[in-house]
1. Buried (at least 17 other Cβ atoms within 10 Å of the Cβ), within 16 Å of ligand 1 (Cβ to nearest atom) and at positive phi, is that true of A:Asn95?
2. Could you pull out the residue among B:Val92, B:Val124, B:Val106 that is of a type in the set (A, V, I, L, M, F, W, C), closer than 25 Å to B:Tyr250 by Cβ and at pLDDT below 95?
3. Quickly run through segment A:31-61 and pick out the residues that are under 15 Å from A:Gly218 (Cβ atoms) and either more than 14 Å from ligand 1 (Cβ to nearest atom) or within 14 Å of chain B (Cβ to nearest Cβ) (or both).
4. Mind checking which residues of segment A:109-161 are in contact with a Phe, Trp or Tyr (Cβ under 7 Å, 6 or more places away or on another chain) and aliphatic (A, V, I, L, M)?
5. Taking the conditions exactly as written (within 14 Å of another protein chain (Cβ to nearest Cβ), touching a helix residue (DSSP H, G or I) at 6+ places or on another chain (Cβ under 7 Å) and either surrounded by 11 or more Cβ atoms within 10 Å (Cβ to Cβ) or more than 30 Å from B:Phe147 (Cβ to Cβ) (or both)), does B:Leu11 satisfy them or not?
6. Out of segment B:214-241, which residues are of a type in the set (S, T, N, Q) and closer than 16 Å to B:Pro53 by Cα?
7. If A:Glu65 satisfies all but one of (1) within 13 Å of A:Asn12 (Cα to Cα); (2) crowded, with 20+ Cβ neighbours inside 10 Å; (3) more than 16 Å from ligand 1 (Cβ to nearest atom), what's the number of the condition it fails?
8. Would you please name the residue that is nearest to the chain's Cα centre (by Cα), looking only at residues in segment B:116-148 that are in a helix (DSSP H, G or I) and hydroxyl-bearing (Ser, Thr, Tyr)?
Amino acid sequence: MSNAKIRLVGLNKLFHTRFQTIEAVRNVDMEFAAGDFVSIIGPSGCGKSTIIRMIDDLIKPTSGEIFIDGRRVSPHRRIPPEVIRKIGFIFQQPNMYPWMTVRENVMLPLRVFGLRDPEWARHADALIEMTGLREQRHAYPTELSGGSMQRAGVIRAMVHKPDILLMDEPFGALDEMTREQLNLELLDIWRATGKTIVFITHSVQEAVLLSNRVYVMGTNPGRVVDEIAVDLPRPRNLKLIVSDRFAGYCELLTGRIGQVELSQIK
Amino acid sequence: MGLTLEQRRELRRRKDRRDRIVGILAPTFTFVLLLAAWEALVVWLEIPTWQIPRPSSVFAVMFGSFGEFLPHIIRSYSTIIIAFACASVVGVALAAILTNFKALGVALTPYINMLCTTPVITLVPLLLLMFGFGQWVLILAVTLQAFPILNMNASTGFNNVETLKLELMGSLRATRVQTFRHCILPASLPNVFTGMKLSGIFATTACVSSEFSGGNRGLGARIIAYTQFMKMDKAFACIFFVAVIGLFLYTLTSYLETRVVKWKI
Ligand SMILES: Nc1ncnc2c1ncn2[C@@H]1O[C@H](COP(=O)(O)OP(=O)(O)OP(=O)(O)O)[C@@H](O)[C@H]1O
Ligand SMILES: [Mg+2]
């Protein structure tokens, strides 16, 4: 079990605001195997972003431990650079820098990491090509559609070849069609690269379509309430969505989330 | 839309060119109209020329006696431009330092703001008394007046970069310098340019008012002298020369802004 790519042990996080202390997550244990695709689903405010941001060390847990590749990275003052470079973080919004062209945005992690070898630039261009952004590579983000921007956000997080992708509701703001399209593209990327993906979503369908396993979370305090394995064949495609087994999983998952919400009312 | 990026940009460029031409023609037209009205009023109301000169005679003097003005133009323009350049560097660099080292910022900001709100003309007699009438004293005074407003604007920009944008740098574990270079500075360029425009205006005002208060060189000093001898056409000629440098700095900064802030178009 300790050969997990990422392991969270007893994570707690308190936020102290001026008026109160918020218990964002309580006693969270999670495990993500190498090459696994795992979703985290739960109602708004249950601490999904908090968890993924702790994994990326954007915020520190109040207590508990985080292991990446068996190495304890938190609580520590600084994560060693070789661990950071294993991680690609994809934000809820595209979060493109408007002052850089698409290509410059995608290359930004390379510049920050000092990866100046032309091989890396070629890799970036290959990713741009693969996501169909070639025509727009010299455009500024304001000239792009929402879908194209989020695509660019995804490949920016992948450009330094991380093993791990942390995705915080990446397609939440997109329309249904674009979202399905990007989901399929993401599955292709995952199959081709074998990255470990932690995917946060509000959408039951999205979670079932994409993942091997789903963590269901509840609020007050944010905690893991269930863990469901999605045993559907791969590679998956849109045909799967209309199958009975898919519907079964969606129902199961919706039920679990519903139970969580009911138990909170009681 | 079925247009390629290049086509859309070309349309954009054409529209910009149209806007630029209108942007030049319209104010020029207003200018000519105002001068004509001025000329007409002075003639009709028979205002004596030692009170208000006619614009035509002001222009005649501007070109006719250009040699007489030239040394003073050079003196004032060089003071303003050198001070503006110094203020630009000092203003932005100081803002970068003060926003990065919070304690230093808290310690110094009130005094920089005070410098901004104190008219430098109140200091100039003192400075001249202490250091003599050298041009560098004026350059120092003008810089002191011009950099704080830029510092204030740039600091506002540096301090108010969207959290999400900074988090990207955080997730890449960028160093402070990298964060400033790739994120904070470009995000704040609009504030920096606003600060520079104001700084140019402050520099022009400060220079002329400093020259009012002492010495016999520079356009400010000439305006005082000509007014005393009721040579209003020459005084007005100097005022126009001052207006020209002020406008030049403003236009220059605006132009730089459109070149540098390409993504805003
Ligand atoms: N920086 C912060 N300061 C104070 N409270 C915070 C902070 N960040 C998050 N919280 C609180 O922690 C809780 C969990 O927030 P989090 O953003 O992780 O939820 P989430 O599950 O991602 O919600 P959503 O689905 O709406 O994005 C919320 O109650 C939130 O108000
Ligand atoms: Mg969230």
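1. Taking the combined requirement at face value, the residue satisfies it.
2. Values: B:Val92 fails: at pLDDT below 95; B:Val106 fails: closer than 25 Å to B:Tyr250 by Cβ.
The match here is B:Val124.
3. The answer is A:Thr50, and nothing else.
4. Answer for segment A:109-161, where residues must be in contact with a Phe, Trp or Tyr (Cβ under 7 Å, 6 or more places away or on another chain) and aliphatic (A, V, I, L, M): A:Leu110, A:Ala157.
5. Working: within 14 Å of another protein chain (Cβ to nearest Cβ): yes; touching a helix residue (DSSP H, G or I) at 6+ places or on another chain (Cβ under 7 Å): no; either surrounded by 11 or more Cβ atoms within 10 Å (Cβ to Cβ) or more than 30 Å from B:Phe147 (Cβ to Cβ) (or both): yes.
Here the answer is no, as B:Leu11 does not meet what is asked.
6. Taking segment B:214-241 and keeping what is of a type in the set (S, T, N, Q), we get B:216, B:227-228.
Of everything in segment B:214-241, those that are of a type in the set (S, T, N, Q) and closer than 16 Å to B:Pro53 by Cα turn out to be B:Thr227, B:Gln228.
7. (2) is the only condition that A:Glu65 fails.
8. Once the filter is applied, the top-ranked residue is B:Thr143.
The values are calculated or read from the model by the stated rules, or taken from the named source; none is laboratory data. All values derive from a computational prediction rather than experimental measurement. Ideal geometry is used to build each Cβ from the backbone, glycine not excepted, and the neighbour counts take in all protein chains shown. Each accessible area value is taken on the protein alone, full model and side chains, heavy atoms only, with ligands, DNA and RNA left out. Shrake-Rupley method; radii C 1.70, N 1.55, O 1.52, S 1.80 Å.
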